[in-house]
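Q: One structure, as structure tokens, below. Some questions next.
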Amino acid sequence: MVEFLEFVNKIKIQDVNCNGINFTWSQNPRGEYGLLKKLDRMMGNYSLTEAFPSIFASFHPYRLSDHCPVIVKVPSKLKFKVLPFKFPNVLTLSSELKVLIEEQWNCEIRGYKMFQFTQKLKMLKKRIRKLLREQGHFSEKVDHFRKELEAIQSDLDLDSFNPQLRELEAMFIREYKKAYDEEERFIRQKARVHWLREGGCNSKYFHKIVKGKRNKNRIETILNSEGVWVEEEEVYKEFVDYFSDFLEIEFPCGEILQPNSLFVKKLDLSQAVEMVQIVTNEEIKNAMFDIDDDKAPGPDGYSAKIFKSMWSIIGEDFCQAVKEFFVNGAILKEINATAIALVPKIDTRGKMSDYRWWDIYPTIHGLEYVILLLWGWLFHFL
């Protein structure tokens, strides 16, 4: 198996998104005893998943054979879906972003501090999307500056003492390096891969990781409660119905006969007073700056990087919003939101039970993350 894995890595292929039967080979299918193995696989190179991003394979029961038949489906077209907003950290390098945030923060919004802060972030999304479009496609910019640089260097080879060509070469070298760095930062964030902070660039590697994750994470078919395979829009409906029924179940709670017995250990008066003290701006800032820049953003799509880079503009409002919670104990629903992650238990998943799920703890709003972190510090030091 070690040699096989080395061979797979050498020819650069990976498993295609698949569902159905997990154990694809039976040692003795017609006997009482036997051995089941995940032996058969559907694999492809990066060119395949790039050309057909929605390709998937279905493994069916083996019946009287010892191997499962596999059917590969290639949908003719992939439906366009509006992707949720996610702040690209590479925009923090742009001077135009600071201008946008300053303009947005100067607008007047009435309400609680937490409401004002979230509304400003909400209205800022459309302007950030527009700024990202104006920046252009990162890969196309890299290709453009590379071709220009190659053309200038070819001309310089014929006229090596031309000062104008020397200046143009220096300018395009700077622009090419800048565009290449922006592309790698953008793709690295989408790939969610921790890479060396120093050393050679590897944007091609990150491109492959992004495309591979998209293919494996896509759920094309699912087995519904009636044992029928459903595809496309029916897949989303099945998941929504499943979790709606599952999470809306109400369990009756019995009456607590002796409530005093629940709280055996209690804080003394001095500790209780420490618990209700207002947190300082420095504590709030330290909590925010402890979050990694490339960690998954919350449901609002903003990563920790934008809060850190623009702290001089939004820091005061951020601190006031956090302090407001520790005074009135109220938190907005959009901040207290979460996301449900589906994690496959097996490679060839098909049923709802083949996925385990949980609320993504880091994937929450930046405000709530800081509030939870500060709340945990209070209990830790006491």
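Q: Reachable aspartates and glutamates from K178, Cα under 18 Å, same-chain residues fewer than 8 places away excluded?
A: Here the aspartates and glutamates satisfying the reach criterion relative to K178 are E96, E134, E140, D143, E148, E150, E167, E169, E198.
Q: Moving on. If I take R0 = 35 Å and measure r between the Cβ atoms of L83 and E150 in this structure, what FRET efficiency does the formula 1/(1 + (r/R0)^6) give, to the nearest 0.05?
A: 0.55
Q: Accessible area of D347, 1.4 Å probe, to the nearest 10 Å²?
A: Here the accessible area works out near 80 Å².
Q: Further question: To make sure I understand the rule: partners must be aspartates and glutamates, Cα under 12 Å from the Cα of K345, and not fewer than 8 residues away in the same chain. Which ones qualify?
A: Once the sequence-local aspartates and glutamates are set aside, what remains near K345 is D354.
Q: Given 0.36 nm per residue, what is the gain on full extension from I256 to K177 after removing their alpha carbon distance, in nm?
A: Gain on extension, I256 to K177, equals 21.7 nm.
Q: Past the 26 Å Cα-Cα mark, which pairs from K98/K216; K126/K308; K120/K323; K98/K190; K38/K73?
A: Going by Cα-Cα distance, K98/K216 fall outside the 26 Å limit.
Q: Report the net charge of residues surrounding K345, where surrounding means a beta-carbon distance below 15 angstrom and charges are Lys +1, Arg +1, Asp -1, Glu -1.
A: Its environment carries a net charge of +3.
Q: Okay, next question. K130 versus D157, label points 7 Å from Cα toward the beta carbon: distance in nm?
A: It works out to 4.5 nm between the two label points.
Q: Let me ask something additional. With N set to the number of residues, divide the alpha-carbon radius of gyration of segment 1-72 by 2.2 N^0.38 Å and report two decimals.
A: 1.28
Q: While we're on this one: To make sure I understand the rule: partners must be aspartates and glutamates, Cα under 16 Å from the Cα of K266, and not fewer than 8 residues away in the same chain. Which ones qualify?
A: Reachable aspartates and glutamates: E274.
Q: Need one word for segment 232-319: rounded, prolate or oblate. Basis is the Cα gyration tensor (sqrt eigenvalues a ≥ b ≥ c); a/c below 1.5 gives rounded, then a/b vs b/c decides.
A: Judged from the Cα gyration tensor, segment 232-319 comes out oblate (a/c at least 1.5, b/c at or above a/b).
Q: Please report, largest first and rounded to whole Å, the three semi-axes of the ellipsoid equivalent to segment 213-271, where each semi-axis is the square root of five times an eigenvalue of the C-alpha gyration tensor.
A: 47, 19, 8
Q: Subtract the Cα-Cα distance of K12 and D347 from 0.36 nm times their separation in residues, and report this length gain in nm to one decimal.
A: Answer, rounded to one decimal: 118.7 nm.
Q: Per 0.36 nm of contour for each residue apart, how much would the distance between E274 and K98 grow if the chain were fully extended, relative to their Cα-Cα spacing?
A: Stretched fully, the E274-K98 segment lengthens by 59.6 nm.
Q: With no solvent and one equal point scatterer placed on each C-alpha of segment 50-179, evaluate the Debye formula and give log10 I(q)/I(0) for q = 0.19, 0.23 Å⁻¹, two decimals.
A: Treating every Cα as an identical point scatterer, log10 I(q)/I(0) equals -1.10, -1.28.
The values are calculated or read from the model by the stated rules, or taken from the named source; none is laboratory data. Remember, it's a predicted structure, so these values are computed and weren't measured experimentally. FYI the Cβ positions are ideal-geometry reconstructions off the backbone, even for glycines, and counts take in every protein chain you see. For the accessible areas, the whole protein counts, side chains as well, though only heavy atoms, and no ligand, DNA or RNA atoms are used. Shrake-Rupley method; radii C 1.70, N 1.55, O 1.52, S 1.80 Å.
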